[in-house]
Each structure stands twice: as C-alpha cells, then as structure tokens.
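Data block below; observations after.
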Amino acid sequence: MKVSGASTLIGFAAACIASAPLAAAPARDAQVLETGWLFVQADAPDGQAEQADVSAWQPVTMPHSWNRVGYYLTGKGGTHTAETVDKYMGKGWYRTTFAAPGDMKGKRLWLEFDAASRSADIWVNGVKVGAHQGGFSRFRLDVTNAIRPGAQNLLAVRVDNTKPVEGSTTADVLPLTGDFFVHGGLYRPVKLITTSDLHVDMMDHGGSGIRSHTAKISADRAEVAAEVRVANSSAKPRNAVVIARLLDASGAEVGRSQSRVDVPQGATQSVSLMVPVARPRLWNGTIDPYLYRLVVDVQDQRGQTTDTVEQNIGIRQMAFDPDRGFLLNGKPYKLRGVGYHQDRDGKGWAITPADTEADVALLREMGANSIRLTHYQHGTPIHDIADRTGMILWDEIPLVSAWTVGESLEASEGLRANARQQLLEMIRQNQNHPSVAIWGIANEVDFGNSLPAFITGRKDGSYADPLPLLEELNALAKATDTSRPTALATCCEGRLFSADVSVPEVSNMADLGGANRYFGWYFGTADDLGPHLDSLRAKRPEQPLSVTEYGAGAAVSMHTDNVLGGPIDSRGRPQPEEYASYIHETALAQIESRPYLYASWLWNSFDFATTIRAEGDAQDINTKGLVTYDRSIKKDAFYLYKANWSDQPTVHITGRRHVQRAYPTTDIKVYSNAASTELMLNGVSLGAMTACPQNTCVWKDVRLAAGRNAISAQAAFDGKQVEDAVAWELPADALERLAIDTGTILAAQDYGSPIGSDHYFAGGTSRTIDKPADYGKPAQPTPISGSPARDALATYREGDFSYRIPMPKGRYKVRLWFTLPAGVNERQFDVLAAGKPVLRKITHGSAGEGAVAVSHETTMRSNGTIDLQFQSKQDKATVSLIEISKTP
C-alpha cells in the first residue's frame, strides 16, 4: 500500500486564526488579553466571579498554569523542589475586564481561547456564553450579545483539570490516563477579536475557515485549491466576492482567483477557488522550506473589503511507501525525529513562542528533521516554526492507553463524542500547515490485559476493545482530510507475553504503522529491535512502518563503569546516563540499516513531567529526554544523534559527568563526525581513529593516572580545529586497592570507600535479593546480617563466570563476599584464583530474618591481572563483592 498526501499545504500566519498576527484589515481586529487577570485555585458556584471578593485572588498574566510538577533530587536539570511543586488537579477561576468597541453596528465580537485545560466554562457580565471540553485545541465564542458596547466588560472563566475517574466532571474528556501530567489553566493566549458580520468563518472547529491543499503540481505549474467558508451574521442575505491572491517570499503576486457567493442571513457558505502558480518553488523540508503567502479577501456587494485572512503556503507532495519509506516531492526523505511534550521546568504548559523556538533550535542542532507532537494537539507556534524550518510533523489526539473508566468495557457516548471533537479540531486547526504529514488517532491502545501499573486492570482479565472507536476515528479523519494518511502507535503486538495475556491487533485500523518498542529497557534485549521490526513488516508488507518510540531513562548524576554490569531498573532509581547512550547506539544502528522504515522518532526530546515515576535522580519526571527539563544539560546521547544526523562539526567525549572514577582502566568513547579524530590523555596522544562505525570512536582499556586525568579529543573540519575536553579523577590509591560491586550497573553508595559497578567480568548473570521497583513504588530492600555495606551485598553475579582485573604486578589480598538468602546455610561451588582452587563451599551458622553475608579471603600475585574463576557445582556459583588490596 502506497499512501499519498496529495500535497497539503499552508501554515497559518494569522494569530487570531491559526498562526501569527493578522494583517490589518478594515473589519477585523485582534486584541491579546495578556494582563489584568486575577486567579484563584478553588471552585465556586457558577457565575460567582462577578460578585466575588477577589482580594485574595492573585494577579497573573496569560498564558498561565497553576501546576508545577517534577523535580530532580540533585537539583541539577531544573528549578523545582519538593517544596515548590504543585500537583493540584481540580478547578480554578480566572477573571479580567476588557473594553468593548462603542460602535458595534455591522460587527461581531469573539473570544478566542487557544487552550483551556482540561475543560472551561465562560461567563461575560454574568451571562454564561459557552463551554469547551478538551485541553489542547482552540475554541471561539460569539459574545456580541453579552457585551456592553463602549464599556468595561467582566470576563470570568472556570477551568477544570480534575483527574478523570468514574463520576468526575472530566470522565468523558480525553486523555483519561497517560505517562504525562495534564496541567491546568489558560496556558495558551486568550484574544478578543472583532470582525465584520460578513467574514471568513470563525466557527470552523477553531480553524481559520480556509481549507487548502495543492491540487496539481509539476515543474511548470501548480494549482492551489482553497475552500473558503464565508459567514453572514447579519439579519439579511449578503452577496460577496471572495478573492484569493498568492504572493511569493518577496511579496510579488504570482497567482489569483476569485468567485462570487450568496450567503443567506445567519448562514455560512463555502466557496471553492483554484489559484494557479507558474514554476512553483516547492516546500522541501529542511532542505528548502519555501513559503508562499495566501491572502484571502471577502468583499461585499459594494466592493468594500469586510475581512482579510493571510496564511503561509507550502506547495509540496508527500507519500509513504512500504519499501522506500517516506517520499517528499517524489524523492526518498528519511524522517529522523523525536517525540515532544510541551512542558518546561518553571512554566509547566504555559510556555511562550520563544520557548518553543528555542526547543526546535535544539532539535535542529541535533539534526532532527521531524517531530512527533505527543500525545495531544500542540499549539500554533510549533506548527508555524515547523513550517519555517522544514520540520515534518505527526499530529496526534490524546487517545492514550484508555478510553473507558471504571469497570466499563465500552466507551461512553460522551467520550466518543469528545474524541471526535478533538480530532476534528486538530485537523481543522492544522490541516493547512505544510509541515503536517500525519494524523495520529491513538497511542498504545493495544495493551489488552497486559496493562501497566499506572492503568487499573480488571480482575477477570477482560479488556475494552479499542477497534470500534479506532474505526470511527479513522473514518472521520479520512472524511475530513483526504490529503493525509492516518496512523497510530502500538505498544504490544509481537511481544512475548505469558499465556494468560491477550493483546488486540490494531495496526490495520490506520494507514500507517507505528511501533513504540523499548527493547533493552522494559523488555527483551537491545539487539531485539531490528528482528522485531522485520517481523512486523513481514506480517503487513503492504503497510508503511515506523518506529514511533524507543529510548531509556538517563539520570545525569548516575554513572556506570559497564552498561552490561547489571540489570537496568526501568521503574526504579538505578538509571545511569551511559546505559541510555547504549540503548540509543544499538537502536540507531538497527533503524538506519532498515530503509523500509518511513520514520523513527526517539523518546524523548526533553525530560517531562509525570506523576507515576520515582526513577533515576528525579521525582515525577520521565528522564528519557536527551535534554534535561530546564534545557540546561544535553545528555551524551544528544551528541550521538548530532554526530550522525547533523552536518555540524561534532566532537564529544562521553561520560563527561562521570568524574569520580573507581577503576584504573576504562574505555573512552567519542562521538565524532570527523574524518579522523585524535585522543589525548594528560598531554600524550593515544592515536587517531578513522571511519568509526556510527561515528562512535572507542579507545579500549585506557589506563588512567592516579589523581586528575585531562582527556581531550580533536579533529579538523575544513581546516578548522574542533576540540572537546573533560577531566576525570582517580583515587590516589586506585593502583593498590579496588572494590567491585558485582551484579549491578550502579555502584552502591553505602560502601564508604571508592567502589565501581560490576566490571572486568565474562559470563554469568546479574541478580539481586531485593524486590525491584515498580511505577511510583520504590524497590524493597532485603535485610542482610553480617554485611559491612547492605547495598553493596544485595546484588551478585551468578552462574559460571570469571573476572580478569587489571592490577600492577605485586602481591594482593583478595576478599570475596557472598550473600546467602534466608534459610540457606550452605552453597557448594568452586572459586579458582590464577587457576588454583581457593574455595569449594561457603557456609554460615543459623541466621535470623533476611539474608546473611559471609566472606572468604585469599592472597595471590598479579602479573598485570588478577584472574578469578567461579564454577558451578552442586549450586550455582555466586559472588556479591570483590575487594582487592596490595600487601607488602
């Protein structure tokens, strides 16, 4: 199946319509209601705000959100703290006044809200003028009959972000759940708009009233089709002329079309226009995001212009092919992108266009050319910026993981109506942007009865069937916009589950397939991704396929000496930054080697707020972002993509925040897109590397010096030298003593002396005696008696394995620690030192509750390495801690 988007175009440039500010027009004016607002975080009876005592209300400016969610335990990466967060979910009131025009003859007055989360009720002068359900889309209200012309008018808005549960005020408002926090407030601009009573439709689901696409395209000529909805709010029929003019980037007119239309009183009529363009310059993604400008005028029977709307136009063709991937203007164009949430440290969702501009600039620096706008409709600024910069977008409604509440197995009619409404609003408000390529109708609705911990499952193993709602939404999207394909992102098809787990297959409910797959993080191994994608493709060879999410948590304050040293705790604290880099390196290699994928979107661009996570070095933050919540720290994986996706000169030494080192040798890894990269250690060259796979150069087993180590990497780009430098510290006695915390990816903090995570091993499996963490629930430690450091003894390596530990020549004392679980008094296995047996059995006397730690000590010589072998016999061999110290 080849899916074509016949060339949708046009990104808005009108602030009151769908983009930037409107051009001056005789009968249309937009006033941003930014200042003069009062807010109270509480509920009150309907209409209360007009008579309320507002002495305790706080002054705020728009945009505004009352929530601040998520903080880092270290304080690095964000400004929030445990004391400053605000996770209130409920109702809040806003109030302001505005001046209405004195002469309203032949005019209409509108209130426009770019978003109110999750729902809003609006009063003007004590009269309720409307309501809106859904926290992400623009809506407008005709308030002409409620205002006092030439006077001050009172506007009161009640906003509600109550968590949806059975019987709540938001039970039928999407999203019902999700791994992100739904901030409350009027977090996008509010405007007062004046129009003539003969105008381009203001009530087209929050859209501009203009629907446009490229009807024909060739090197010599293009035809831009524009459907203009003309509204007549007067009490008599009106005759109108609609004129569409196309301007190039210099402002010169390059095309024109016009048509007459008769509009009955109180009605809206559509006019279809075709604007020809000779020798069109195509909108070509980041290569050449060229924009024309469409100017639409409405004139009355006297030839007077009653309304003008201007929009940016991008003429282009898009198609999706199951074998060749994504095609832009007939040519393969690999989509390399990110998922993106709209919140930011210190602001929540109340971000500014400048914030969004800065975010996109970071993504472009990394080399991304696409953004998946997750998991809800995003605002106008990012669409406008994407139009200008050539970023290609996946837009998505907030149908995320759940569509029923309580024990119901069917979506309520209210929720189905809300899903249809949010889909229509998303399409009508964004369908004219050339950057938008895909309509996403759902995310991870195929959990079946394998639901994650943050979604309440049903005891009988049943689950709500998503197919009827998906079928309805897919049909609606295709009927609303025939020029773009639909898509959805799945979580679970093709994964290995236990026999009692059932998941529905939903991929064929949309045109395009998308796979959210976290191999090596939540399940499987990192190398499983590629074969899994191949199996999905083999199952539906006619459907274009993408990777819609992949990644791993990355705590910038946590570091490992070996990413394979222990199990990753995807729902707990141990989430070192280096492991996330490993996941991205492995996934990127598998994705790039599969040209049939039309796109990949890593998860995630930036850390973001949630309330189901106590993970890594953060609370209520999903740390899978490549950049921290406050945008201050670019994690190592950011530079992996920059070195592979961007043509900007890149040289980056990884592990730069892993300053305090425990081991005398280490690999040094550099992301570099240079032809040749040289590494220096303490002023001495370690040689240059060329043609590094995936632009990832690794110098193996580099020996560090005691004390400070200065590492630099340098490369030449067109004669210009680019250099990166870091400094690491090695303990002064690191060449005489060493401790290995076995079976763990993150060394214990309770040891008291320098200790490294599991390293220098071959074989075996990492284990722990503790119960692992789950979403929002910490790990449960097991008591260990006889232990000098409980955390260091809680993990262990098991099976048949060996250690080859680099130590200078000399004589050493080697102390091995073992942890026996409660009720086990003896284990029999062999331990060999330099090939000689030193231990065959470990025992302990009667123990109390919990596990027991025992140790065995031996001495041995090193000829450059200390070699230990662990061989299973009657029991599996284990070791929990290895301590080595030099003896006289």
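Here is how the numbers come out for the structure above:
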{"quantity": "Calculated FRET efficiency for the pair residue 365/residue 727, C-beta based, R₀ 30 Å, to 0.05", "calculated": "0.75"}
{"quantity": "Length added when fully stretched, residue 500-residue 227, from 0.36 nm per residue minus Cα-Cα", "calculated": "93.1 nm"}
{"quantity": "Surrounding net charge for residue 843, when Lys and Arg each add one and Asp and Glu each subtract one, Cβ distance under 12 Å", "calculated": "+1"}
{"quantity": "Computed accessible area, residue 672, all protein chains, 1.4 angstrom probe, square angstrom", "calculated": "0"}
{"quantity": "GluC sites (Glu not before Pro) lying in DSSP loop within the stretch 793-888, provided at most 12 other Cβ fall within 10 Å", "calculated": "849"}
{"quantity": "Rg/Rh ratio calculated on Cα atoms of the stretch 793-888 (Kirkwood radius)", "calculated": "0.99"}
{"quantity": "Sparse-neighbourhood loop sites, chymotrypsin sites (Phe, Trp or Tyr not before Pro) in the stretch 466-559 - DSSP loop, at most 16 other Cβ within 10 angstrom", "calculated": "497, 522"}
{"quantity": "Residue among 639, 610, 622 farthest towards the positive dipole end of the stretch 606-647, charges placed on Cβ", "calculated": "639"}
{"quantity": "Solvent accessible area, Å² - residue 364, 1.4 Å probe, full protein context", "calculated": "80"}
{"quantity": "The stretch 358-428, Rg to Rh (Cα coordinates; Rh as Kirkwood inverse mean 1/r)", "calculated": "1.12"}
{"quantity": "Estimated distance in nm for a label pair at residue 216 and residue 234, the labels positioned 7 Å out from Cα along Cα-to-Cβ", "calculated": "3.7"}
{"quantity": "In Å², nearest 10: area of residue 559 left accessible to a 1.4 Å probe", "calculated": "30"}
{"quantity": "Additional length obtainable on full extension of the chain from residue 203 to residue 148, 0.36 nm per residue less Cα span", "calculated": "17.6 nm"}
{"quantity": "Sequence of 577, 678 when ordered by accessible area, the most exposed leading, probe 1.4 angstrom", "calculated": "678, 577"}
{"quantity": "The stretch 513-555: C-alpha gyration tensor shape, a/c 1.5 cut-off, then a/b vs b/c", "calculated": "oblate"}
{"quantity": "Residues of the chain: accessible area per residue with a 1.4 Å probe, Å²", "calculated": "36"}
{"quantity": "Residues of the stretch 807-821 with amide N under 19 Å of the 7 Å Cα→Cβ point at residue 832", "calculated": "814, 816"}
{"quantity": "Eligible lysines near residue 669 by straight Cα distance, threshold 23 Å, same-chain separation 8 or greater", "calculated": "624, 634, 635, 642, 700, 720"}
{"quantity": "Approximate spin-label separation residue 703-residue 539, in nm, with each point projected 7 Å along Cα-to-Cβ", "calculated": "5.3"}
{"quantity": "Theoretical ellipticity at 222 nm over the chain - DSSP helices of four or more residues, -39500 (n - 2.57) apiece, nearest 500", "calculated": "-3500 deg cm²/dmol"}
{"quantity": "DSSP bridge orientation in the stretch 761-888 - percent antiparallel, rounded to nearest 5", "calculated": "95"}
{"quantity": "Mean Cα-pair separation over length for the stretch 187-239, i.e. relative contact order, pairs under 8 Å, 6 or more apart, %", "calculated": "36"}
{"quantity": "Residue 749-residue 358 FRET efficiency (beta carbon distance; Förster radius 41 Å; 0.05 resolution)", "calculated": "0.70"}
{"quantity": "Over the stretch 731-875, relative contact order from alpha-carbon pairs under 8 Å, at least 6 apart, %", "calculated": "25"}
{"quantity": "Distance in nm between pseudo-label sites at residue 508 and residue 771 (7 Å out along the Cβ direction from Cα)", "calculated": "4.3"}
{"quantity": "Hypothetical label at residue 675: residues of the stretch 710-728 whose amide nitrogen lies under 11 Å (7 Å Cα-Cβ projection)", "calculated": "716-719"}
{"quantity": "5 angstrom amide H check on residue 674, placed H, neighbours 5+ away", "calculated": "650"}
{"quantity": "Trypsin sites (Lys or Arg not before Pro) within the stretch 272-317: DSSP coil, no more than 10 neighbouring Cβ in 10 Å", "calculated": "302"}
{"quantity": "Within the accessible area of the stretch 415-555 (1.4 Å probe), percent carbon and sulfur", "calculated": "51"}
{"quantity": "Electrostatic dipole magnitude of the stretch 155-217 [Cβ: Lys, Arg +1; Asp, Glu -1; Cα centre; debye, to 20]", "calculated": "260"}
{"quantity": "Mean Cα-pair separation over length for the chain, i.e. relative contact order, pairs under 8 Å, 6 or more apart, %", "calculated": "10"}
{"quantity": "FRET efficiency estimate (nearest 0.05) - Cβ-Cβ, residue 81 to residue 54, R0 25 angstrom", "calculated": "0.25"}
{"quantity": "Rounded to the nearest 20 debye, dipole of the stretch 578-731 from Cβ charges on Lys, Arg, Asp, Glu", "calculated": "80"}
{"quantity": "Positive dipole terminus of the chain, leading residue within 476, 81, 240 (C-beta point charges)", "calculated": "81"}
{"quantity": "Gyration tensor verdict on the stretch 437-522 (Cα atoms; rounded if a/c is under 1.5, prolate if a/b is larger than b/c, oblate otherwise)", "calculated": "prolate"}
{"quantity": "Extension gain (nm, one decimal) between residue 822 and residue 809, 0.36 nm per residue minus Cα-Cα", "calculated": "0.7 nm"}
{"quantity": "Selected from 598, 783, 273, residue furthest toward positive end of dipole (the chain; charges at beta carbon)", "calculated": "598"}
{"quantity": "Portion, in percent, of the accessible area of the stretch 780-888 that falls on carbon or sulfur, probe 1.4 Å", "calculated": "45"}
{"quantity": "Gyration tensor verdict on the chain (Cα atoms; rounded if a/c is under 1.5, prolate if a/b is larger than b/c, oblate otherwise)", "calculated": "prolate"}
{"quantity": "Carbon and sulfur %, accessible surface of the stretch 112-245 computed with the full protein complex present, 1.4 Å", "calculated": "48"}
{"quantity": "Long-range amide H partners of residue 787 with built H, under 5 Å", "calculated": "853"}
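The values are calculated or read from the model by the stated rules, or taken from the named source; none is laboratory data. Because the structure is a prediction, the values reported are computed rather than measured. Note that each Cβ is placed from the backbone with ideal geometry, even for glycine, and that neighbours are counted across all protein chains shown. Areas reflect the complete protein model, heavy atoms only, side chains present, ligands, DNA and RNA absent. Shrake-Rupley method; radii C 1.70, N 1.55, O 1.52, S 1.80 Å.
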